[in-house]
Amino acid sequence: MSTPTPSTADGDAQMRPELSLIKRSMWQGTTMTISKDAVVATGAVVRFILSELIEGAHAVAARERREEITPKHITYAFASDAEPASIGHHWLIGSGGTASSAERPESGKAAPAEREAEAERLGESSASTGVHQYRTTVERLLRTKECRASSEGLSVLDGLAIQLVEGIAEEAAMLANRAGKQTLGVRDIECSIELLLKGELKMLAFAEVREEMFQEAHRTAAAGQEDLTGAAAEEAQ
């Protein structure tokens with residue numbers, strides 16, 4: 001029997017490699033039809049959150065006069081800011097079961113030692129598969145921020161990207177199922193962001209989604225124009 005493949009909602013068979021990977025992860029976690037817009041929106045949120053986290057971890061590393069970001073720096077980047085800490089609440093600590101909500105300090109953050117242990121767990125989980133799914137994305141973001149990460153730091157960031165994609169997709173799928181929908185769209189992703197993020201981080205994530213959707217529409221229109229131009233040239237010949 002043939003292996004099922006992700007359903008295509010918007011004729012996106014030629015989707016960029018990074019988005020194809022995100023779509024496959026979303027489909028495997030929800031088994032729903034995933035629209036191209038939902039994938040683009042999820043990719044925008046994941047890149048934005050990773051970028052913010054890398055920037056924070058880089059600042060921690062710089063204070064220690066370290067040239068590479070390590071799991072410890074990623075841990076403290078979470079712990080030092082309440083808004084990124086909300087991500088850790090949903091994905092890092094929650095997924096590993098290292099601390100229940102009752103065990104966390106009153107601030108709502110897990111203790112640094114707990115976060116560091118979970119960061120290491122994420123790195124081991126990613127490395128144990130033998131495949132760094134989002135490593136190319138992480139390395140590109142690191143270059144953008146003009147910083148480097150240790151191999152363990154790369155694994156943790158890769159593991160976080162996986163957790164982000166899965167967490168956003170699962171929340172969006174739950175909301176879509178409640179509404180009786182069978183296809184995840186960009187609105188479902190936006191509702192997921194509304195629930196999973198908070199404060200300025202949420203507002204900036206929404207802005208990233210809107211900008212990426214605008215850019216994607218522009219790319220699609222440009223590609224369509226190129227196809228029409230090519231078809232006209234062939235007919236002229």
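By how many nm would the segment from E170 to R143 lengthen if fully extended, with 0.36 nm per residue of separation less the alpha-carbon distance? Don't skip to the end; give the middle numbers.
On the way: separation 27, 0.36 × 27 = 9.72 nm, distance 3.01 nm.
Value of the extension gain: 6.7 nm.
For labels at E68 and S151 in the simple 7 Å Cα→Cβ model, what's the distance in nm?
Each label point lies 7 Å from its Cα, and together they span 0.8 nm.
What residues have an amide H closer than 5 Å to that of M32, excluding those fewer than 5 places away on the same chain, when H is modeled at 1.01 Å from N in the peptide plane?
For M32, whose amide H was placed from the backbone, there are no distant partners under 5 Å.
At a probe size of 1.4 Å, how large is the accessible area of T137, to the nearest 10 Å²?
10 Å²
Using only protein heavy atoms and a 1.4 Å probe, report how much of C191 is accessible, in Å² to the nearest 10.
Accessible surface of C191 is approximately 40 Å².
Which whole-Hz ³J(HN,Hα) couplings does region 57-65 yield from phi under the Karplus relation 6.51 cos²θ - 1.76 cosθ + 1.60, θ = phi - 60°, glycine and proline marked x?
Working through the residues one at a time gives 5, 5, 5, 5, 4, 5, 5, 8, 6 Hz.
Determine ³J(HN,Hα), in whole Hz, for all residues of region 26-34 in sequence, where each value follows from phi through the Karplus function 6.51 cos²θ - 1.76 cosθ + 1.60 and θ = phi - 60°; x replaces Gly and Pro.
After applying 6.51 cos²θ - 1.76 cosθ + 1.60, I find 5, 5, 4, x, 10, 6, 9, 6, 10 Hz.
Based on the Cβ-Cβ distance from N177 to H218, what FRET efficiency comes out when R0 is 35 Å, to the nearest 0.05?
On the way: r = 32 Å, r/R0 = 0.92.
Computed FRET efficiency for N177 and H218: 0.60.
Short version: what are the Cα gyration tensor semi-axes of region 146-206, square root of 5 times each eigenvalue, largest first, in whole Å?
28, 15, 8
Where nothing but the Cβ of Lys and Arg (+1) and of Asp and Glu (-1) is charged, how large is the charge dipole of region 124-223 around its Cα centre, in debye to the nearest 20? Write down the numbers at each step before the final one.
Values: 12 positive and 16 negative charges, 39 e Å.
Dipole of region 124-223, to the nearest 20 debye: 180 debye.
Would you mind checking which residues have amide H under 5 Å from R148's amide H? H placed 1.01 Å from N; only 5 or more apart, or other chain.
For R148, the qualifying residues are I69.
The values are calculated or read from the model by the stated rules, or taken from the named source; none is laboratory data. None of the values given here were measured: they were computed from a predicted structure. All Cβ positions, even for glycine, are placed from backbone atoms using ideal geometry, and neighbour counts span all protein chains on display. When the accessible area is computed, the model is the full protein with side chains, heavy atoms only, and any ligands, DNA or RNA have been set aside. Shrake-Rupley method; radii C 1.70, N 1.55, O 1.52, S 1.80 Å.
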